[in-house]
Amino acid sequence: QAQLAESGGGRVQAGGSLRLSCMILRRTFDISAMGWFRQASGKEREFVGRITTSGHTYVVESVTGRFTIARDNAKNTMYLQMNDLQPEATSVYYCGAKRGVSSSATPENYEAWGQGTQVTVSS
């Protein structure tokens, strides 16, 4: 199973920014896309966005214009830049890796996950 490791979480005030990183430590299958999800306390894991191996990115409408996804192939790392953070963004953020052509928005389609990183936004 591929191994992923997130970093970059923390506590910020509303309006602040954070950049999360997801490093691929070990690759055991052909990754077709990597995604970012978040899970607030007591809620289901929620899709935030994804980047495909060809570099196409997508983020959900609720974060469009504030969150962007990028990657550095040389560092085997994907990033989630989050600007203008609001308290509702408080969650544990996870990165995942999947293969094939199944939906990138469905967490069940991912085969590898990082350990998660906490993001807390205070008002």
At 1.4 Å probe size, with no ligands or nucleic acids counted, give the accessible surface of residue 75 in Å², nearest ten. 120 Å²
Protein chains only, probe 1.4 Å: how do 122, 17 rank by accessible area, largest first? 17, 122
Just the number please: accessible area per residue for the chain, 1.4 Å probe, all protein chains included, in Å². 52 Å²
At 1.4 Å probe size, with no ligands or nucleic acids counted, give the accessible surface of residue 60 in Å², nearest ten. 30 Å²
Going 7 Å from the Cα of residue 99 in the Cα-to-Cβ direction, what parts of segment 32-59 have a backbone nitrogen less than 16 Å from that spot? 32-34, 53
Computed over segment 21-123, the Cα gyration tensor eigenvalues, each multiplied by 5 and square-rooted, give semi-axes in Å (largest first) of 22, 14, 13
Share of the chain's accessible area from carbon and sulfur, percent, 1.4 Å? 45 percent
Which order do peptides 4-12, 100-108 fall in by mean Cβ count within 10 Å, highest first? 4-12, 100-108
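The values are calculated or read from the model by the stated rules, or taken from the named source; none is laboratory data. Note that the structure is predicted; figures quoted are calculated from it, not measured. No Cβ is skipped: glycine too gets one built from the backbone with ideal geometry, and neighbour counts run over all protein chains shown. Side chains included, ligands, DNA and RNA excluded: accessible areas come from the protein's heavy atoms. Shrake-Rupley method; radii C 1.70, N 1.55, O 1.52, S 1.80 Å.
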